[in-house]
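Chemist: Please find one structure pasted underneath; my questions will follow.
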Amino acid sequence: MKWHSTLLLLLTAGLAFSYFNGFTPLLISLLFVLVSGVAFFAYRKDKRAAQDGLWRIPENNLHLLGLGFGWPGALLAQQRFRHKTKKLSFQIVFWLTVVVNLSAIVWLHTDRGHLFVRKSCFQIENLGFEYINSRTGMDILFFFTHLRG
């Protein structure tokens, strides 16, 4: 197994542990999946643009995707498309976004972090009451924001 696959497997196991032990809602995992998908396709688009001499995606935008839960998809894209893997300055910032993300996940398991998660989920649910006009929509929202335990 390649090292990046091991890292992503550990992240997946950690998110599952966090959810099943009531530290984070499924929304966190959903954000990782969605933003990682966007990051993966952004890297693919940027690689093709680089090959074709077209307009490129600014590196800061790629880093923002990584910082906003998208680093797993960015890592997969880097390995799959051999894109941005040799540029040291890019890699340093990329791995800083990974460290920041993982540090935030660890922080969510502290007392203050857990309180932050509970308050955030409550606020999201209240917004749902204002803007979602169906029982099914609210059930879906609760499914993703509910904390186990």
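The values are calculated or read from the model by the stated rules, or taken from the named source; none is laboratory data. The structure presented is a predicted model; accordingly, all values stated were derived computationally and were not measured. Reconstructed Cβ throughout: ideal geometry from the backbone, glycine too, with neighbour counts over all protein chains shown. The accessibility values were calculated without ligands, DNA or RNA, using every heavy atom of the protein model including side chains. Shrake-Rupley method; radii C 1.70, N 1.55, O 1.52, S 1.80 Å.
Chemist: Identify the residue in the range 126-138 that is of a type in the set (Ser, Thr, Tyr) and open to solvent by less than 100 Å² (accessible area, probe 1.4 Å) and, among all such residues, is nearest to the chain's Cα centre (by Cα).
Modeler: Residue satisfying both the conditions and the ranking: Thr136.
Chemist: Hey, another quick one. Only one of these conditions is not met by Leu147: (1) closer than 15 Å to Thr24 by Cβ; (2) at pLDDT below 95; (3) in a helix (DSSP H, G or I). Which number is it?
Modeler: (3)
Chemist: So, in the range 1-14, exactly how many residues are without any contact (Cβ under 8 Å) to a residue 24 or more places away in the chain and in a helix (DSSP H, G or I)?
Modeler: Count: 7.
Chemist: Of the conditions (1) without any contact (Cβ under 8 Å) to a residue 12 or more places away in the chain; (2) over 20 Å from Arg48 (Cβ atoms), Lys86 satisfies every one except a single condition; which number is it?
Modeler: The number of the failed condition is (2).
Chemist: Condition test on Gly53, is it of a type outside the set (Asp, Glu) and within 27 Å of Phe116 (Cα to Cα)?
Modeler: In short, no.
Chemist: Now, a different point. Can you tell me which residue within the range 1-12, out of those that are open to solvent by less than 60 Å² (accessible area, probe 1.4 Å) and at pLDDT 90 or above, is farthest from the chain's Cα centre (by Cα)? Step through it out loud before you land on a result.
Modeler: Going through the range 1-12, the residues open to solvent by less than 60 Å² (accessible area, probe 1.4 Å) turn out to be 4-8, 11.
Pick out the ones that are also at pLDDT 90 or above and you get 6-8, 11.
Details: Thr6: 17, Leu7: 14, Leu8: 11, Leu11: 10 Å.
Result: Thr6.
Chemist: Another question, then. Of the numbered conditions (1) loosely packed, with under 14 Cβ neighbours inside 10 Å; (2) in contact (Cβ under 8 Å) with a residue 60 or more places away in the chain; (3) small (Gly, Ala, Ser), Ser18 fails exactly one; give the number of that condition.
Modeler: Ser18 satisfies every listed condition except (1).
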